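Peer 1: Here it is, the structure, as structure tokens.
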Amino acid sequence: MAKLFTDIDLDGLGCGIVAKLAFGDKVDVSYCSYRNLNQRVEEFLENREFDQEELYITDLAVNEEVEKKLAKRFQEGKHVRVIDHHVTALHFNQYKWGLVKPEYSSGKKTCATSLFYEDLLEHKKINQNKSLEEFIDLVRQYDTWEWDENNNVTAKRLNDLFYILSREKLEEEILQRIASNSESFSLTDTENFVLDLEERKIDRYIHSKSRQIVQAFIDPYYIGIIHAEQYLSELGNELNKLYPHLDMIVLLNMSSKKIGFRTIHDTVDVAAFAKKYGGGGHPKASGCEMTEETFKKFVADVFAKPPLKPDPEKNSLNLKEADYGTAYQNREGKKFYIKLTREQKYLIVAQNRILGLTFGTFDEAERLLKRQYGVWLSYDDECVKDLAIAKQLPPEAVRNQYPELMRKKLEIN
């Protein structure tokens, strides 16, 4: 018999499927979270009836106390195998029974499912299967977010299907599909139709949530905080793109008492950030449990902050990087402008004076404005109205002369 403890996400399900293909009905799979993993593993270790079982833990890391008990079990000649791909679990490589590899020698990122499958292949506990390998790579691409770089929509859709169907139903479907076709793996026409509908639902959800995010300076990052209970990976990724001035997005799931951290910036390690709060994960995607400390920091302390306003999507006059200047405003009614100089540097103009900073790129100037002043790109109508009042011109005349009028407005010594 074999026992597998694995995560509750798609990568965890992939490990469960690999285990059932390898061991059949002689494996028991427990899907766990960081909240209950240690307790469940301890209960297993304390039951002498399980001494002869093969023990696998994938995609999750036990705490130090349980780690010592696993080491003792191995020293007693019993089976232990911990397989993970998170950098926060690298210390398990000090043991013969530990296998933690965030990426392959080629630089391609790993996932727990791919490492587990390869390990079982190496020890001749599973037969090679092309259909299974295609499924595993979809899991890997989604879990590492490689699908976004490769535009592999099927990988994302597989994860969407994971949340539409129950874990048990999807597991059953995939096991049957791999068993009936060992040459290739694909989604059915019916699944793709359902996923088309789901994709529209996700887009509406992200659009709604993008209006609810708040900004705060925490430890020592500028962070976007949002309450959300579904589509967390998609939401985190899109909010990072929508608000690139933020170092990371914090996703608060109040019903499950979990917190997710997502970033698109190479200079920000959210795995290390999550570790401060007892969590872990990848450098760009991690999480932790919601405790009294994290509730106070990410919920209570920022509760009164107003949400950020996204930039307008349909401006035709007030545009970013316009050589005649770009206008911003904030909730206090203050107006700010980014101006390009003759030396091809960018300046910030506020309240008819130039702030004492120059920037090499437009993005650097905008980043400072958004982080320190909570601004958003002004709508065309607002800019036209301001110039119409200042120049005593009708709005249509301002629209026709907008670049010239904006240049003159920003001629400040």
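Peer 1: Go through the range 121-155 residue by residue and tally those that are open to solvent by 40 Å² or more (accessible area, probe 1.4 Å), farther than 19 Å from Pro102 by Cβ and part of a loop (DSSP other than H, G, I, E, B).
Peer 2: Total satisfying the criteria: 6.
Peer 1: Now, a different point. Would you point out the residue of the range 4-60, among those that are without any contact (Cβ under 8 Å) to a residue 24 or more places away in the chain and under 23 Å from Phe162 (Cα atoms), that is surrounded by the fewest Cβ atoms within 10 Å (Cβ to Cβ)?
Peer 2: In this case the residue turns out to be Asp25.
Peer 1: Same structure, new question: Could you run through the range 259-276 and say how many residues are without any contact (Cβ under 8 Å) to a residue 60 or more places away in the chain and open to solvent by less than 30 Å² (accessible area, probe 1.4 Å)?
Peer 2: Within the range 259-276, residues that are without any contact (Cβ under 8 Å) to a residue 60 or more places away in the chain and open to solvent by less than 30 Å² (accessible area, probe 1.4 Å) number 7.
Peer 1: Name the residues in the range 233-258 that are among the acidic types (Asp, Glu) and buried (at least 21 other Cβ atoms within 10 Å of the Cβ), would you?
Peer 2: Asp247, the sole residue that qualifies.
Peer 1: Quick one: is Lys297 open to solvent by 10 Å² or more (accessible area, probe 1.4 Å), out of contact with any helix residue (DSSP H, G or I) (no Cβ under 9 Å at 6 or more places or on another chain), closer than 18 Å to Glu64 by Cβ and touching a residue at least 24 places away in the same chain (Cβ under 8 Å)?
Peer 2: Judged against the criteria, Lys297 is not a match.
Peer 1: On to the next question. Take Lys72 and decide whether it is open to solvent by 10 Å² or more (accessible area, probe 1.4 Å) and out of contact with any Leu (no Cβ under 7 Å at 6 or more places or on another chain).
Peer 2: It is true that Lys72 is open to solvent by 10 Å² or more (accessible area, probe 1.4 Å) and out of contact with any Leu (no Cβ under 7 Å at 6 or more places or on another chain).
The values are calculated or read from the model by the stated rules, or taken from the named source; none is laboratory data. This is a predicted model, so every value here is computed, not measured. Positions of Cβ are backbone-derived with ideal geometry, glycine not excepted, and every protein chain shown enters the neighbour counts. These accessible areas exclude ligands, DNA and RNA; they are computed on the full protein's heavy atoms, side chains included. Shrake-Rupley method; radii C 1.70, N 1.55, O 1.52, S 1.80 Å.
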